[in-house]
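Okay, structure first, notes after.
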Amino acid sequence: MNSIKYTCLILSIGLTIISCNKKENTQNNDFEVKHISHEEMKAATKLDIAVVNDIDPICGMNTKEHLGDTATYKGKVYGFCSTMCKEEFLKDPEKHIHE
């Protein structure tokens, strides 16, 4: 009877050691992560639309390089670097038009 207890104890210790040393595979191989550069990110979000302004009237950024959103006001398409700037412009367009 003691030999069975001793054998079970040895097996339990062995399984515990093996279990603790086994590395868990946490990496999911179903997808691939691709890191892109800052320049690629800018190119992916830039709009290619003709606008009447070269400079964002809210923040002063160059719309040719940073066109992210547009708004049409009095038949003209104005460009903005972001939706936030566009929304600010639409609150009072006449205040921001410097023609």
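The values are calculated or read from the model by the stated rules, or taken from the named source; none is laboratory data. It should be emphasised that the depicted structure is a prediction, and the values quoted were computed from it without experimental measurement. Reconstructed Cβ throughout: ideal geometry from the backbone, glycine too, with neighbour counts over all protein chains shown.
Observations on the structure shown:
- Search result, residues across segment 54-65 that are part of a loop (DSSP other than H, G, I, E, B) and either farther than 15 Å from Lys95 by Cα or among the hydrophobic types (A, V, I, L, M, F, W, C) (or both): Asp54, Ile58, Cys59, Met61
- Selection within segment 50-70: residues that are in contact with a Gly (Cβ under 7 Å, 6 or more places away or on another chain) and among the hydrophobic types (A, V, I, L, M, F, W, C). The member of this set that is modelled with the lowest pLDDT is Leu67.
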